[in-house]
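Every number here is computed from the coordinates shown, using simple stated rules; none is lab data. From a predicted model like this one, the values you see are computed outputs, not experimental measurements. Heads up, the Cβs are rebuilt from the backbone with ideal geometry, glycines too, and the neighbour counts pull from every protein chain shown.
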């Protein structure tokens, strides 16, 4: 990489959040990644001929994102805590004979399950 290219990367003032992505880089298609690179990241030269893996690696390199960050959700501890709570509620639901109480527990479990799914997507 030439000295001029390195200077261009550092002078690039856009943050990763400014890209306005609706899904993680790994979930995007190669076509979407190429369009993103051409439209919003002019420092990537030759994006139209790059493979998906090369584009992802280059975008992560420009924004200083390590490969290890994408795999684990930052909300992992919170998700695990909620899942433990759901397991406890399921046990309580099985032991309860009152239909109304079972229905209340079922609704709470469903809300917690939806919350864990939202947290998992919010990466």
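The table below lists the values:
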item: Packing-based ranking, highest mean first, of 100-108, 56-64 given that Cβ atoms within 10 Å are counted; result: 56-64, 100-108
item: Sites residue 19 and residue 90 - FRET efficiency at Förster radius 35 Å, r taken between beta-carbons, to 0.05; result: 0.30
item: Separation in nanometres of the label points that stand 7 Å from Cα toward Cβ, at residue 39 and residue 106; result: 4.4
item: Fully extended contour minus Cα-Cα distance, from residue 98 to residue 77, at 0.36 nm per residue; result: 4.3 nm
